[in-house]
Structure formats: structure tokens, C-alpha cells
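FYI, it's all coordinate maths here, none of it is from the lab. As the structure is a computational prediction, the values presented were derived from the model and not from experiment. We place every Cβ from the backbone using ideal geometry, glycine too, and count neighbours over all the protein chains shown.
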């Protein structure tokens, strides 16, 4: 699993945390998040978080 944080704040100012299921062969968080977008770690290079 990989934990991600929604960067849009809730009305109380907190941020929601989510746990995403990923395959067990992934060894880094970057690799796991890239997988959730159907990309390899080398392809996943976000320039802006929205």
C-alpha cells in the first residue's frame, strides 16, 4: 500500500490521507504512485500538484 495525502484542505483545514493498494513488487512510494496512473517511475514526473 502507499499513503497519499489530498493537498486540497478540508473545511476545518485538515488534509485527508488515503491508502492505495499497489502490487507487492513495487519498492518505492514514487514507483507505487506512478503505477496508480499507469506509468513507470521514470515516466511519472509531475511538475505541478493541483
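Between [x] 12.0; [y] 10.6; [z] 14.2, which matches Kirkwood radius over Cα pairs in Å calculated for the structure shown? Answer label, from the structure shown: [x]. Length gained on full extension, residue 5 to residue 41: 11.1 nm, using 0.36 nm per residue less the C-alpha separation. Ordering of 17-23, 34-40 by packing is 34-40, 17-23, highest average first (other Cβ atoms within 10 Å, averaged per residue).
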